[in-house]
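The values are calculated or read from the model by the stated rules, or taken from the named source; none is laboratory data. Note that the coordinates shown come from a computational prediction; the quantities given were computed from them, not determined experimentally. FYI the Cβ positions are ideal-geometry reconstructions off the backbone, even for glycines, and counts take in every protein chain you see. Heads up: the accessible areas ignore ligands, DNA and RNA and are worked out on the full protein's heavy atoms, side chains in. Shrake-Rupley method; radii C 1.70, N 1.55, O 1.52, S 1.80 Å.
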Amino acid sequence: MASCENPENGADALMPRTRKYDKSKICVKCKERHGNIVARHTVYCRECFISFFTFKFRRALEPYVNAKPDGPRRKALKPTGNLLIGYSGGIGSAVLMDLVYRHYVHPDSTIVTSEGGKAHPRNERVWEKITVCYVEVSDALPGTKDRTTEIQNVIDQMDGVEFLPIRLQDAFDFAWWNKRGFCPSDPTLGADFSDELLQVQATLTPDIPPLTALRLYLASLPTASALPTAVQTLVRLLLQYTAISMNCSHLLLGTSLTSLAISLIAGISQGGGFHVREEAQEEWLPNCLDTGRAVRIIRPLREIGMKECGVWAWWMHLPIVGREKWHWPGTKPGIGRLTKDFIIGLEKDYPSTVSTIVRTCGKLAPKGDTAGKCVICERPVQTGVQEWKARIAIRASQDEQATWANSSTMTPSLAPYLCYVCLTTFTSKGARAPPPLYSDDSDLGHGLSPLPTWTTSSRLFRAHGTLTVTEDITPDEDEFTVARKLPRSEMRDVVKEFLLDE
């Protein structure tokens, strides 16, 4: 008869400890030396790890250097322009800068092997000009440190590389915009973020300082999760427009496999599933240009995890300046921070799952047609964004013909030209309003928010007449139904017949 008693305590009754490696401590590649690192349950020695690390880096970058991506056979690398590297001060950007320097600026003989002799065309310098660009955000985020000088000291140690620091408020600086060779539109245009229609009006002061405009823009955001999304969009567009102005054919970002997984999951959580492909690699041309050469945005570390990048930085003695956290003071962590904590914990216990996330997202295809590009983030806009959002919101229809009769014109709206992510960033409010972003928030005012310089310069924004006043409309010409958001008290009245008694 079977017994339900507890088993006797002993060695056989204990669950064996999970091993850090699958088979042995010997390197799986050379099968001779003892391992120095365990990466995704695989043991590597130092020499084999360096070889494997550089192979992944070159495999993710070099096939896309030429104007026409290479096939299985590698040809001579001949880009059509210069190279811009986005530097944030974190581990990923430091490792990327070190790899580019060792491969394409001053080749390291211990890492890069010469092919066909020193005079072979394949061993010539790939990019004639390499620039490292850093976007400083300390002026916009309270409690953050200005790291421009520290990063410049790191880059100055690398000869053959130029350093270009820019600041986040340059996104609202029309003088910077003109200096880069672009033609800005009306600097007095602003949007009302408190209104769901995001009405655009030309009532701003033309000589508003760029820093004040940036703070007005960020202080108008409705939630804490919207702040990192808005700052990330501004940083990315500043880098991309800088690359266009400097005749760069490639823009490299130090996004590791772990960071890419975090970006994908956080983006999908905020409605950015339509931009999954752009998160990995993108061919970008600005909205304000009719024709021109697109910038190819590549993330060469997208197959290398954060742990492997940390080991490379340790063995190569790389200086890590560090980067500031984009956080709204006095609020709980947003979607991006929660996603980062989850993915990092997942990578620690189940390292293969992170790569599975990236591979799975790489197989996704956007559903639906594309209706141009967003005027804020300049990424594809899915058709029917506003219609879908209107269907999922609780609203009431109200005939306001009298309002239209008293109004001689219609106010232009920014909403039809935004993707779902940007529309949600500006209009989705939480149950409780966040505390003021700045201590002097009352001095900023609560009117219109300035728009980035590229927004009003967009061809799409101008071509559809968004910045022009439409013809007069009276109730006799047509009928209008205006949608408005219901307060909580009216929501209960609408569904009260379906509620159960308490």
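3J(HN,Hα) along the stretch 160-174: x, 10, 9, 10, 10, x, 10, 10, 5, 5, 5, 5, 10, 9, 6 Hz, from the Karplus curve 6.51 cos²θ - 1.76 cosθ + 1.60 with θ = phi - 60°, whole Hz, x for Gly and Pro. Projecting the Cα atoms of Gly35, Cys45, Ser24 onto the charge dipole of the stretch 18-64 (Cβ charges, centred on the Cα centre) puts Ser24 farthest toward the positive pole. Expressed as a whole percent, the accessible area of the stretch 241-309 that falls on carbon and sulfur atoms is 52 (1.4 Å probe). For the stretch 18-64, the solvent-accessible area with a 1.4 angstrom probe is 61 square angstrom per residue.
Tell me, what is a quarter of the convex hull surface for the C-alpha atoms of the stretch 18-64, in nm² with one decimal? Projected area, direction-averaged: 3.5 nm². Here the stretch 18-64 exposes an accessible surface that is 52 percent carbon and sulfur, computed with a 1.4 Å probe and the other protein chains kept in place. Near the amide H of Gln382, within less than 5 Å, lie the amide hydrogens of Ala371, Tyr420, all on another chain or at least 5 residues away, with H placed in the peptide plane. Backbone phi angles across the stretch 134-150, fed through the Karplus curve with coefficients 6.51, -1.76 and 1.60 (θ = phi - 60°), yield HN-Hα couplings of 10, 9, 8, 10, 5, 5, 9, 10, x, x, 9, 9, 7, 10, 4, 5, 4 Hz in residue order; Gly and Pro are listed as x. In percent, rounded to a whole number, the relative contact order of the stretch 18-64 is 28, using alpha-carbon pairs under 8 Å and six or more apart. Residues whose amide H falls under 5 Å from that of Gly81, counting only those 5 or more places apart or on a different chain, are Ser249, with hydrogens built in the peptide plane. For Arg167, list long-range residues whose amide hydrogen, built 1.01 Å from N in the peptide plane, is under 5 Å from its own amide hydrogen. Placed amide hydrogens put Glu136 under 5 Å from Arg167. The residues packed around Val321, meaning those with a beta-carbon under 11 Å from its beta-carbon, carry a net charge of +1 if Lys and Arg are +1 and Asp and Glu are -1. For the stretch 262-320, the spread of Cα positions along the three principal axes, ordered from largest to smallest, is 47, 30, 18 Å.
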